[in-house]
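Some notes on the structure that comes next.
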Amino acid sequence: MAAAVFLVIAATNIMTPLLPDIRMDFGVSISTAGVIVGSYGLARLITDLPAGFVIDALGHRRVTVVGLVLLVGASLVGLNANSVAMLVGARIGSGVAVALVTTVGLAALGASATTANRGKVMSLFHVANNTGIAIYPLVGGFVGAAFGWRATFGVTVALAVLAGVILVPVLLRLRLRDAATTRGGPRDERLLHGRERTAALAAVNYGVVANMINRHGFRNTVLPLYAATSLGLGGVSIATAIALMSITGLMVATPGGMVGDRLGRRRVIMTGLVAIAAGDLVFLLTHDLVTFLACSALIGFGDFFSSSQTALLSEIVPSQHRTKVLAGYRFSSDLGAFLGPVVLAAVMDLANAQASIALAAGLLVSASLVAFAGVPARVDERGARAPVALAQAEGASDAD
């Protein structure tokens, strides 16, 4: 499932490095080029919340097949695009398709684990997603240089087909169900109800939004501008720092999930949010490339808590609500990614980089406090563990 997520995520940014070539081919303005890029993210954002209801209504396998077919079809449109409208349509179709398939993958991973290893299992999604985001622009650059920007859509078609070959047989053999109730075993003590559950879901999702605002607004927008204007660093140095953040983040993803499994997700989430906030503020003390790279590595290590967020969301609700809740997580993640560059860049423009960095850090600290207040402490108690909820079931109905 993680491998399939890694393959379909190629549509996110494999084309991004070739945007100047696309702009030159069609003779469009910078604003139009921004629409071509932004249409993908907007499509994902709009699809995220409905995806949970659609998946539960039609079945995980059907939606997966539809999503993969849509991704192939949209990519073929992009491959043969002879107008901006066709290209934007291809990007919108790809965004909808990836939102559907990744939500299925995230829900299936959450259901396949117990409370003893859910953080570790959920970390596979974050590793697959972030590795793809880091690698595919490089792939796109090489493919574009050799064959032109349209060839990146051909690569996406091939990867989507391969993802289907991997993912569909797995989903045919597995079905989602609430093992705790169907097998008569003890119900997971971390399950929440009523207002308590609503408060916990809101608290965790607020943390997701704050983290994504920081990641996309601070790391990808404010930090490069701050490094160039205040530290006088060039593009290579800035790119090295951002890559270092990604690498260190990938290194701690799975170990961080395992720590959450043992010490408690609430504790790890709160600690991780504060750690990244501290890392943001340390950048204000940088004065040269060496300290800038050291701070970049430090803030990358703060990513150890991300899988604990998805793990906690997976286990505080009954299994029949898991897909919808994780679709809400994807919406929160994409909302933060959309708001981050806009909000933090506006603050930097109206005030200065220091104010923007302080705002990003403040949001993270507030998210940690909200998690402390909104998530009950008992979710960190190592009580009875539910058995595996993603079980082999030959002849399971498509509704599963």
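The values are calculated or read from the model by the stated rules, or taken from the named source; none is laboratory data. This structure is a prediction, so every number in the text was calculated from the model and none was measured. Don't worry about glycine lacking a Cβ; one is built from the backbone with ideal geometry, like all the others, and counts go over all protein chains shown. Ligands, DNA and RNA are stripped out before the accessible areas are found, and what is left, the full protein with its side chains, is counted by its heavy atoms. Shrake-Rupley method; radii C 1.70, N 1.55, O 1.52, S 1.80 Å.
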The range 263-290, residues that are out of contact with any Phe, Trp or Tyr (no Cβ under 9 Å at 6 or more places or on another chain), assigned to a helix (DSSP H, G or I) and without any contact (Cβ under 8 Å) to a residue 60 or more places away in the chain: Val282, Leu285, Leu289, Val290
How about the range 261-278: which of its residues are open to solvent by 30 Å² or more (accessible area, probe 1.4 Å) and farther than 17 Å from Ala210 by Cβ? Arg262, Leu263, Arg267
Of Gly93, Gly73, which residue is part of a helix (DSSP H, G or I), small (Gly, Ala, Ser) and within 19 Å of the chain's Cα centre (by Cα)? Gly93
Among residues of the range 42-71, those that are open to solvent by less than 50 Å² (accessible area, probe 1.4 Å) and either within 14 Å of Ser94 (Cβ to Cβ) or out of contact with any helix residue (DSSP H, G or I) (no Cβ under 7 Å at 6 or more places or on another chain) (or both), counted: 8
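In the range 315-339, what residues are aromatic (Phe, Trp, Tyr) and open to solvent by 40 Å² or more (accessible area, probe 1.4 Å)?
Going through the range 315-339, the residues aromatic (Phe, Trp, Tyr) turn out to be 329, 331, 338.
Phe331, Phe338 - these are the residues of the range 315-339 that are aromatic (Phe, Trp, Tyr) and open to solvent by 40 Å² or more (accessible area, probe 1.4 Å).
Here are some residues: Ile22, Ile30. Which one is without any contact (Cβ under 8 Å) to a residue 12 or more places away in the chain and over 30 Å from Ala111 (Cβ atoms)?
Numbers: Ile22 fails: without any contact (Cβ under 8 Å) to a residue 12 or more places away in the chain.
Of Ile22, Ile30, the one residue that is without any contact (Cβ under 8 Å) to a residue 12 or more places away in the chain and over 30 Å from Ala111 (Cβ atoms) is Ile30.
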Sole residue being part of a helix (DSSP H, G or I), modelled with pLDDT of 90 or more, of a type outside the set (Gly, Ala, Ser) and closer than 24 Å to Gly194 by Cα, chosen from Leu363, Leu369: Leu369
Quick one: is Val342 of a type in the set (Val, Ile, Thr), open to solvent by 10 Å² or more (accessible area, probe 1.4 Å), at pLDDT 90 or above and in a helix (DSSP H, G or I)? no
Would you mention how many residues in the range 76-90 are part of a helix (DSSP H, G or I) and out of contact with any Leu (no Cβ under 9 Å at 6 or more places or on another chain)? 8
In the range 225-260, the residues that are open to solvent by less than 30 Å² (accessible area, probe 1.4 Å) and over 30 Å from Ala346 (Cβ atoms): Val252, Ala253, Gly256, Gly257, Gly260
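What are the residues in the range 372-399 that are modelled with pLDDT under 55 and either in contact with a Cys (Cβ under 8 Å, 6 or more places away or on another chain) or open to solvent by 50 Å² or more (accessible area, probe 1.4 Å) (or both), if any? Explain how you work it out, then say what you get.
The initial filter retains those residues of the range 372-399 that are modelled with pLDDT under 55, namely 383-399.
Within the range 372-399, Arg385, Val388, Gln392, Glu394, Gly395, Ser397, Asp398, Ala399 meet the criteria.
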